[in-house]
Ligand SMILES: [Fe+2]
């Protein structure tokens, strides 16, 4: 499996604090059967403005440490880019690291809302030759209230151009009921393409995925669940097109509180 979203690089954002914690997270990831991790330090979120050269250097150093310890894991470069007013400028001036320096950019929305004009923004990104992976839309407060926003967005663009990454702790309920019910809505309607850990540490937000993968499999089936952690992350790493179907709307609204406990 490939983890497409993980704050494993030491000392660059609110992820791993030091090289020892990065190695501990790596060992945990191997235990979970990951063979690769895209390191995605924050860019533009709060005080974090990761520098491309620093990210690339830390990726090389961590891969050297993993090899020296015979830990069978490869780290790839990337960033989790917060959507801000100047993000298109930062993309065009080369300040932002895409996933493994390919066409896909991992982008997160502001927490509270979906900015007006987001659809046009996506169109501009696509016209620049890039594709977008949206990080944990199920944690956005406006999408939690109106999850059909994601369905409507995905029907506008060609399948594979705009992809949704949901996070393991949302699926297991550890990120709260709203994130859980929204993640389930996305899964039930084929609106989620990638399952990732968004791990930040070895203790509080570890790189665990097994329980979440069980839940995802029970909703979308083993075949699609495998695509979400293996095939499609590999395609994204390699810069290939993700061969996914257009969304299907089966459930009109997210489930009620009690509906969360039924499958
Ligand atoms: Fe993240």
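Brief remarks follow.
- Within the range 15-36, residues that are without any contact (Cβ under 8 Å) to a residue 24 or more places away in the chain sit with their Cβ atoms under 7 Å from residues that are outside any strand (DSSP E or B), at 6+ positions apart or across chains, in these pairs: 18/10; 18/11.
- Of all the residues in the range 158-177, those that are buried (at least 17 other Cβ atoms within 10 Å of the Cβ), free of Cβ contacts under 8 Å to residues at least 60 places away in the same chain and either over 16 Å from residue 209 (Cβ atoms) or within 16 Å of the ligand (Cβ to nearest atom) (or both) number 9.
- Just one residue in the set 9, 62, 66, 23 is assigned to a loop (DSSP other than H, G, I, E, B) and either within 16 Å of the ligand (Cβ to nearest atom) or in contact with a helix residue (DSSP H, G or I) (Cβ under 9 Å, 6 or more places away or on another chain) (or both); that residue is 9.
- A count restricted to the range 88-99 and to residues that are crowded, with 19+ Cβ neighbours inside 10 Å and not in a loop (DSSP other than H, G, I, E, B) stands at 1.
- The criterion of being surrounded by 16 or more Cβ atoms within 10 Å (Cβ to Cβ), within 14 Å of the ligand (Cβ to nearest atom), under 21 Å from residue 5 (Cα atoms) and touching a residue at least 24 places away in the same chain (Cβ under 8 Å) holds for residue 194.
- Selection status of residue 18, more than 21 Å from residue 237 (Cβ to Cβ) and in contact with a strand residue (DSSP E or B) (Cβ under 9 Å, 6 or more places away or on another chain): no
- Being touching a residue at least 12 places away in the same chain (Cβ under 8 Å), surrounded by fewer than 19 Cβ atoms within 10 Å (Cβ to Cβ) and not in a helix (DSSP H, G or I) is a property that residue 218 lacks.
- Flag if residue 81 is within 14 Å of the ligand (Cβ to nearest atom) and either in a loop (DSSP other than H, G, I, E, B) or touching a helix residue (DSSP H, G or I) at 6+ places or on another chain (Cβ under 9 Å) (or both): yes
Each reported figure results from applying straightforward, stated rules to the coordinates on display, with no laboratory input. On a predicted model such as this, the values are computed, not experimentally measured, just so you know. Quick reminder, even Gly has a Cβ in these numbers, built from the backbone with ideal geometry, and neighbours come from all protein chains shown.
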